[in-house]
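**Student:** The structure's right below; bear with me while I get my questions together.
The values are calculated or read from the model by the stated rules, or taken from the named source; none is laboratory data. Treat the numbers as computed from the prediction; the structure is a model and nothing was measured. All Cβ positions, glycine included, derive from the backbone under ideal geometry; neighbour counts span all protein chains shown.
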Amino acid sequence: MSRKRPARLTGLAPICFGVAASLLVIALAGRPAVFPDTDDYLEHGRNTAMAVAYALRLEPRPEPPADPEELADARLEARESHLGIAARTPWYGVWLYVWQKLGTLWLMAAAQAAVAAALVWRLWRALAPSAPAWTAFAVQGAAAASTLPFFAGFAMPDVFAGFAALSAALLLADWGELAGLERLWLWALLAYSVTLHASNALLAALLALMGAVAAWLSRRTGAIRPAGVMAVAAAVACGIAALSLSMAAVKWTTGDEAGRPPFLQARLLADGPGRRYLREACARGVRYVLCAYRGLPLDDAEQILWSDDPGLGVYEQLDLDGRAAMQRDDVRFAAGTLAYDPAGVALAALRNWGETLVMPYVEEPLRSPHYYLTNAYWRDTHLPGLIEAMGGCGRDRLGCEPRFGRRASGWLHGAVFVLALGVLGWRLRRPDLRRLFRGERDILAARTAMLLGLVCAAAVLNALICGALSGPFPRYQARIAWIVVAAAAAALAGGLTHKPPPRPPSPA
């Protein structure tokens with residue numbers, strides 16, 4: 001008992017330092033940030049929390065509107081919300097709702113920074129087991145110099161993509177060194193992260209597949225434990241089941257199908273193959289909602305989905321029945337486009353992948369809140385309340401402008417990311433890993449190589465998944481770039497202090 005307590009305290013200090021460093025960066029840059037989707041997440045979270053409170057009789061269920069017109073308006077609003085709930089699951093909404101209910105977005109930022117700091121500390125322990133304690137603080141500082149603080153302070157589930165990748169990598173590569181409670185919280189974090197976005201589920205599943213291949217290849221040395229692979233696979237399965245359950249609950253309780261905006265159609269149209277297929281399919285008499293809009297430019301996914309300009313947008317222009325019909329077309333349209341022009345779809349996906357890979361900088365969390373405070377639509381949503389709860393922005397609503405911009409992020413975070421890649425390259429050339437690649441048995445080196453490989457693979461796979469399915473936006477790669485920086489810093493500490501295993505005595 002006396003040995004465990006100092007270890008816990010030793011871990012607590014760098015974790016607290018990491019949280020403080022992230023919050024300091026957020027404060028220096030401005031404040032925690034919101035996004036248009038934050039409003040939907042918060043609404044879904046509130047509705048879920050209230051549904052539970054009503055079911056447990058913690059809150060009295062409100063009487064339905066007596067006026068037929070008010071009842072119809074409420075039904076219309078609920079159905080509109082359900083059309084997008086599959087893309088913005090209530091699982092993150094509950095997280096967001098609880099933290100902002102207890103305090104402000106600063107409390108949410110502290111909670112997300114704490115999860116990140118705990119993961120970074122466990123990564124340091126895995127990659128630098130012989131390093132002095134002060135290097136744990138240095139690794140936390142390196143993480144704070146990355147994109148991490150901006151996504152810890154972002155009222156969106158993006159930071160959980162990094163959480164999913166790191167927790168999966170640690171379970172796969174360091175299973176034998178994890179204590180029971182460590183395995184439990186990493187498993188729970190991975191399962192929860194999977195519920196927040198389909199891209200997290202796909203990323204974790206691909207990492208589990210890589211882990212399974214690595215476990216089979218290293219079956220003689222036992223460097224990769226099959227139990228870790230099974231744990232990750234189970235977490236992914238449980239997360240997907242919970243995600244499916246939340247979607248089914250909408251149908252059970254309201255009669256509405258939980259829908260998802262037609263992201264695939266928008267992406268394929270914007271990339272080009274979808275536009276060519278649309279013209280050909282509509283000419284053949286194939287019926288798509290999009291056929292009525294084939295004369296529009298259809299070359300920008302965001303405009304196709306969300307523009308209120310009838311000369312540019314489609315989805316936002318439709319009534320609820322039209323939106324539901326376009327959602328039902330999504331997979332059929334994607335399959336038709338792929339069959340029509342597989343090479344064009346593949347080339348567009350590769351192009352989007354490449355563009356996403358080179359976007360390790362912050363953009364969306366640095367947007368001015370002035371727009372949400374003054375826009376005719378957004379000023380009547382939850383967003384102004386979230387923003388001004390952290391402090392007023394002045395009469396002109398310009399007092400909350402970020403003090404750090406995209407250009408500065410491009411230079412700083414781009415340089416930090418490139419430096420991290422250089423450190424990882426250096427680490428791979430250290431004697432212990434070179435001996436491993438020559439076929440010598442070193443379980444510690446094997447775990448190090450596996451962990452670093454999984455982290456780098458997560459960054460590459462994330463760019464492929466998000467770039468191909470959603471498009472090249474800085475937010476998708478910047479949200480996970482910090483795990484590469486943290487891994488590089490921990491690998492640097494481990495490479496400088498690595499102690500090679502003792503060689504067996506030579507025979508007499």
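**Student:** Looking at ALA116, is it surrounded by fewer than 23 Cβ atoms within 10 Å (Cβ to Cβ), modelled with pLDDT of 80 or more and more than 25 Å from MET247 (Cα to Cα)?
**Tutor:** No; evaluated as a whole, the condition is false for this residue.
**Student:** Only one of GLY354, GLY414 is small (Gly, Ala, Ser), at pLDDT 90 or above and farther than 24 Å from LEU28 by Cα. Can you tell me which?
**Tutor:** GLY354
**Student:** Determine whether LEU433 is touching a Lys or Arg at 6+ places or on another chain (Cβ under 9 Å), surrounded by 13 or more Cβ atoms within 10 Å (Cβ to Cβ) and assigned to a helix (DSSP H, G or I).
**Tutor:** Answer is yes for this residue.
**Student:** Another one. Does LEU206 satisfy being aliphatic (A, V, I, L, M), outside the structural domain of ALA128 (by TED's automatic domain parsing), in contact (Cβ under 8 Å) with a residue 24 or more places away in the chain and surrounded by 23 or more Cβ atoms within 10 Å (Cβ to Cβ)?
**Tutor:** Criteria not met by LEU206.
**Student:** Another question, then. Grab the helices (runs of 4 or more DSSP H) fully contained in the range 89-204, keeping just those with 2 or more residues being over 23 Å from ALA489 (Cα atoms).
**Tutor:** Filter on the range 89-204 gives 90-102, 105-127, 180-196.
**Student:** Which ones in the range 359-380 are in contact (Cβ under 8 Å) with a residue 40 or more places away in the chain and aliphatic (A, V, I, L, M)?
**Tutor:** MET359, VAL362, LEU366
Results for (1) modelled with pLDDT of 95 or more; (2) buried (at least 18 other Cβ atoms within 10 Å of the Cβ), shown as yes or no for each residue.
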{"position": "ARG79", "(1), (2)": "no, yes"}
{"position": "ALA87", "(1), (2)": "no, no"}
{"position": "TRP91", "(1), (2)": "no, yes"}
{"position": "ALA109", "(1), (2)": "yes, yes"}
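**Student:** Output the residues belonging to the range 152-209 that are hydroxyl-bearing (Ser, Thr, Tyr) and under 29 Å from ILE387 (Cα atoms).
**Tutor:** Of everything in the range 152-209, those that are hydroxyl-bearing (Ser, Thr, Tyr) and under 29 Å from ILE387 (Cα atoms) turn out to be TYR192, SER193, THR195, SER199.
**Student:** Quick check on the range 318-337: of everything there that is touching a helix residue (DSSP H, G or I) at 6+ places or on another chain (Cβ under 8 Å) and without any contact (Cβ under 8 Å) to a residue 60 or more places away in the chain, which residue is surrounded by the most Cβ atoms within 10 Å (Cβ to Cβ)?
**Tutor:** For the range 318-337, the residue satisfying everything is GLY336.
**Student:** Now for a separate question. Any idea how many residues of the range 389-429 are assigned to a loop (DSSP other than H, G, I, E, B), surrounded by fewer than 17 Cβ atoms within 10 Å (Cβ to Cβ) and among the aliphatic types (A, V, I, L, M)?
**Tutor:** Qualifying residue count for the region: 2.
**Student:** Looking at (1) part of a helix (DSSP H, G or I); (2) surrounded by fewer than 17 Cβ atoms within 10 Å (Cβ to Cβ); (3) in contact with a helix residue (DSSP H, G or I) (Cβ under 8 Å, 6 or more places away or on another chain), can you tell me which one LEU444 breaks?
**Tutor:** (2)
**Student:** Turning to a different aspect of this structure: I'd like the full set of residues that are closer than 30 Å to GLU364 by Cα and not in a helix (DSSP H, G or I), limited to the range 21-65.
**Tutor:** Within the range 21-65, GLY30, ARG31, PRO32, ALA33, VAL34, PHE35 qualify.
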